[in-house]
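Any read-out appearing in this document is the output of simple, stated calculations on the displayed coordinates, not a laboratory observation. Computed from a predicted structure; not experimentally measured. FYI the Cβ positions are ideal-geometry reconstructions off the backbone, even for glycines, and counts take in every protein chain you see.
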Amino acid sequence: MNPKFSVILLTTLIGAGQGLFIAVFAVEVAALFSWLPLPIRPWFFFYGALSALAFTVAGLVASFFHLGRPERAWRSAAKWRTSWLSREVIVMPAFMAIALLYALAHFLGWNGTYGTSPESDTDPTILLGAVATLLAFALYVCTGMVYACLSFLREWATPLTVINYALLGLASGFTLAAASTLASGPVLRFLATAAFVLTALAFVGRGASLYRNARLRPKSSLQTAIGIKHPTIVQKSQGFVGGSFNTREFFHGRAAATLRNIKWLFLVCTFVIPAAALAAGLAGAPRIAFAIAFVVQYLGLLAERWYFFAQANHPQNLYYQAVA
């Protein structure tokens, strides 16, 4: 496939935003059960939720750049009974709305006196945070299923697609939380440790999908496509001289060596360097290590998402890729 950069931005930005919100809410839940102290600064939850919302809005804005008729975008929600894209379009604004309410709840002090009696004072924000977290996970599922439901694109048609969308989003979100928070001590260690673990899990999940996809073999051939069993069929022409929608949209046009280089690039930038930077930060390195981890990881995610789309081999490329 030939990925649009706006789609790459959409999926990586909203994934990081969802992960960031879950990270912020996880700190509040941990504090509720006295597993972590409440952050010293009372604006931790407010600014954290707003930052998560900003990433999601940025991804939503990016999505408009690959729409042929943006003014008709609202119609994309009409087929929610059968379309995962429609479900994504519904769940995303719902998550954004509840995340905004969660931020406002902390700003307006709906959780009572900050830092006292969390068992009784934080119920409103805990409820809003729980709903937003469920919507965030639902959004991961919807986004992943947009691609996993396409059975004819075998590289995508696997549960690993949904798992990797969730794990990569969570890893980038927790890394962003560790990089951007002003909290320190146990809260920072919790966020950084969770980011490290999630990055390692994401590596396992993405590695499993790479292993699987490398062993896929096409089910179709030129023989089965045209119903001729002759062992030697040679394509001479595509029927026209210039390019077409088929040659532009369903094949990236890059050499196999380019794909291999991008694969190793995203493996190093998405997993190896961030994990090393997070480990260094946990070991006492300056806090800039967490910022380096997020910046490098996000750049790696851009490469990973391009590879994800480019690796999908549309069946029509049996014909058009041969002459593209």
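Give me the extension gain from ILE233 to ARG215: residue separation times 0.36 nm, minus the current Cα-Cα distance, reported in nm with one decimal.
Length gained between ILE233 and ARG215: 4.0 nm.
Against the longest alpha carbon principal axis of the chain, how many degrees, from 0 to 90 and to the nearest 10, is the axis of helix 159-180 turned?
The two axes meet at around 40 degrees.
So how far apart, in nm, are the two label points at LEU85 and ALA256 if each is 7 Å from Cα heading toward Cβ?
3.2
Could you list GLU88, GLU249 in order of exposure, starting from the residue whose Cβ has the fewest other Cβ atoms within 10 Å?
Placing the least packed residue first, the sequence is GLU249, GLU88.
So for HIS314, HIS106, HIS230, fewest C-beta neighbours within 10 Å to most, what's the order?
HIS230, HIS314, HIS106
If r is the Cβ-Cβ distance from ILE226 to ASN246 and R0 is 22 Å, what FRET efficiency results, to the nearest 0.05?
After rounding to 0.05, the efficiency reads 0.85.
Among VAL272, VAL295, VAL234, which one shows the highest mean-square fluctuation when the chain is modelled as a Gaussian network with alpha-carbon springs under 10 Å?
In this elastic network of the chain, the residue with the biggest mean-square fluctuation among VAL272, VAL295, VAL234 is VAL234.
To the nearest 10 degrees, how steeply does helix 256-267 sit against the main Cα axis of the chain, on a 0 to 90 scale?
10
Counting other beta carbons within 10 Å of each Cβ, put ARG212, ARG87 in order, fewest first.
Ascending number of Cβ neighbours within 10 Å: ARG212, ARG87.
With P(r) over Cα pairs in 10 Å bins from 0, in percent in mind, check (1) 6, 24, 30, 22, 11, 5, 2, 0; (2) 5, 20, 26, 23, 16, 8, 2, 0; (3) 5, 19, 19, 11, 8, 10, 11, 9, 5, 3, 0 and report the label derived from this structure.
Step by step, P(r) over Cα pairs in 10 Å bins from 0, in percent for this structure corresponds to label (1).
According to the square roots a ≥ b ≥ c of the eigenvalues of the Cα gyration tensor, what is the shape class of segment 149-272, taking rounded for a/c under 1.5, prolate for a/b larger than b/c otherwise, and oblate for the remainder?
Note, shape of segment 149-272 comes out prolate.
Could you work out how much longer the chain between VAL197 and PHE33 gets when fully extended? Use 0.36 nm per residue separation minus the Cα distance between them, nm to one decimal.
Roughly 56.9 nm would be gained on extension.
Can you tell me the FRET efficiency between TRP110 and ALA77 if r is taken as the Cβ-Cβ distance and R0 is 41 Å, rounded to the nearest 0.05?
Efficiency for this residue pair is about 0.85.
Could you give the dipole magnitude of the chain about its Cα centre, charging the beta-carbon of Lys and Arg +1 and that of Asp and Glu -1, in debye to the nearest 20?
1540
Which chymotrypsin sites (Phe, Trp or Tyr not before Pro) in segment 18-58 sit in a loop by DSSP (not H, G, I, E or B) and have at most 10 other Cβ atoms within 10 Å of their own Cβ?
Sparse-neighbourhood loop chymotrypsin sites (Phe, Trp or Tyr not before Pro): PHE33.
Tell me which of LEU318, LEU170, TYR147 sits at the most positive position along the dipole axis of the chain, charges placed on C-beta atoms (Lys, Arg +1; Asp, Glu -1).
LEU318
Within segment 165-186, whose backbone N sits under 19 Å from a point 7 Å along Cα→Cβ of PHE137?
From segment 165-186, the list is 165-175.
Relative contact order, percent, of segment 5-320 when contacts are C-alpha pairs under 8 Å separated by at least 6 residues?
It comes to 21 percent, rounded to a whole number.
Once every DSSP H run of n ≥ 4 in the chain is given -39500 (n - 2.57) and the sum is divided by its residues, what mean residue ellipticity at 222 nm do you get, rounded to the nearest 500 deg cm²/dmol?
Rounded to the nearest 500, it is -22000 deg cm²/dmol.
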